[in-house]
Amino acid sequence: MASNYLVTGAAGFIGSHSVEWLLGQGHAVIGIDNLRTGHLENLANARSSPNFEWVLADAGDEAAMRALFAQYHFSGVLHLAALVSVPESFRDPGLNCHLNLVIAERIARLCLEFDCKRLVFASSAAVYGSAATLPNRESAAPQPQSPYAAAKLAAEVMLLGYAASFGLEAICLRYFNVYGPRQDPKSPYSGVLSIFTDRFQRGLPVTVYGDGGQTRDFISVRDVARANGQALLGHPVVSGRYNVCTGLGVSLNDVLSIYREIFATAPPAEYSEARVGDIRHSLGDPSLLNNMLKFQANLSFSQGLHELALGSGGVK
Ligand code: UD1
């Protein structure tokens, strides 16, 4: 029997790219999403594949999930469905706890019940907090500073506890700053590169909060999709937490100089007060995932930004 893989949050930014990567490797994928923050248009490419099954469902709907597990006998689950906004987790911590912790735990139990060995979970570099020493290594004591980060960390703990107790293969991936096509630029707290690209494309000035010297470990969604896929398919794996990052820090001023090559006539950036609570530098150590899966981000930042800004990195 062919292997089936479940992707929750399939219509999201990272989900839709991950589905495409798995389909590209010839796997059968069942993608579910409740379209709370995902968009069906993101799955336009995927839905043209005979190996893709689209299901409009909520990952928290236990009856619907149970039926899918019973029908498809998944070989692995990539669990990306989540409350993705840190500000929203402050406004509604109860919902955050439900979507980011409770549902992840339920999915882990469904995996155990239906003998699905592998669960790959979307965690976040946010679990490190701002006080950690750089680069962030998985061995560092996490210091979550938002309800979002706390729930992601708690879910990691539950899944790894089940891994130790029941033999589930739980791979918790801590994404750093992911960018690329299909990232929603609409909120002021959207990823900075989605906001900047949208504004440059419309000929509008961008706002830099602070002096532009802050750095991030930006990783392309195409590399992240491949990390997800390799974590789902790779052998052998060791349950644990793994950074998904490049190991390279890029400042916002560096980012702006690349945009200037692409949008030569763009108005100059406007600088304003740094955001309260903004982290100055964020950088991950990629070696653990590299050691386990030989995973390495291979799209250079400049190339990734050109693809994003010029619209050649995939369907928007
Ligand atoms: C990310 C999260 C954020 C979370 C933080 C801590 C995203 C999109 N953001 O923030 O919710 O609290 O990790 O874990 O996942 N910036 C500008 N101009 C803009 C937008 C942003 O200068 O129009 C700056 C920000 O102030 C920041 C940098 O760009 O210094 C990156 O911002 P962002 O993309 O939001 O990522 P993080 O700050 O890493």
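For the reader, a short list of remarks on this structure follows.
- Count of region 288-302 residues which are surrounded by 13 or more Cβ atoms within 10 Å (Cβ to Cβ) and free of Cβ contacts under 8 Å to residues at least 40 places away in the same chain: 2
- Residue match in region 111-121 (condition: part of a helix (DSSP H, G or I) and buried (at least 20 other Cβ atoms within 10 Å of the Cβ)): yes
Each row is one residue, and each column tells you yes or no for (1) among the aromatic types (F, W, Y); (2) in contact with a strand residue (DSSP E or B) (Cβ under 8 Å, 6 or more places away or on another chain); (3) within 8 Å of the ligand (Cβ to nearest atom).
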position: Q145; (1), (2), (3): no, no, yes
position: L153; (1), (2), (3): no, yes, no
position: L160; (1), (2), (3): no, yes, no
position: Q183; (1), (2), (3): no, no, no
position: K186; (1), (2), (3): no, no, no
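- Within region 94-105, tally of residues that are within 20 Å of the chain's Cα centre (by Cα) and open to solvent by 20 Å² or more (accessible area, probe 1.4 Å): 7
- Segments classed as helices (runs of 4 or more DSSP H), wholly inside region 1-77, with at least 3 members that are in contact (Cβ under 8 Å) with a residue 40 or more places away in the chain: 13-24, 62-72
Yes or no, residue by residue, for (1) within 18 Å of I14 (Cβ to Cβ); (2) within 16 Å of the ligand (Cβ to nearest atom):
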{"site": "A59", "(1), (2)": "yes, no"}
{"site": "A64", "(1), (2)": "no, no"}
{"site": "L68", "(1), (2)": "no, no"}
{"site": "Q71", "(1), (2)": "no, no"}
{"site": "V77", "(1), (2)": "yes, no"}
{"site": "A82", "(1), (2)": "yes, yes"}
{"site": "P87", "(1), (2)": "no, yes"}
{"site": "H98", "(1), (2)": "no, no"}
{"site": "V102", "(1), (2)": "no, no"}
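- Among the residues of region 203-261, the ones that are among the acidic types (D, E), open to solvent by less than 10 Å² (accessible area, probe 1.4 Å) and in a helix (DSSP H, G or I) come to 1 in all.
- Filtered residue count, region 190-212, keeping only those that are over 21 Å from L283 (Cβ atoms) and touching a helix residue (DSSP H, G or I) at 6+ places or on another chain (Cβ under 9 Å): 8
- Subset tally (residues that are in a loop (DSSP other than H, G, I, E, B), farther than 20 Å from E20 by Cβ and aliphatic (A, V, I, L, M)) for region 263-316: 7
- Lone qualifier among G60, G31, G76, G15 - being surrounded by fewer than 19 Cβ atoms within 10 Å (Cβ to Cβ), under 24 Å from K117 (Cβ atoms) and not aromatic (F, W, Y): G60
The values are calculated or read from the model by the stated rules, or taken from the named source; none is laboratory data. The structure displayed is predicted, hence computed values, not measured ones. Because the Cβ atoms are built from the backbone with ideal geometry, glycine has one as well, and the counts that use them run over all protein chains shown. Note: areas computed on protein heavy atoms with side chains; ligands, DNA, RNA excluded. Shrake-Rupley method; radii C 1.70, N 1.55, O 1.52, S 1.80 Å.
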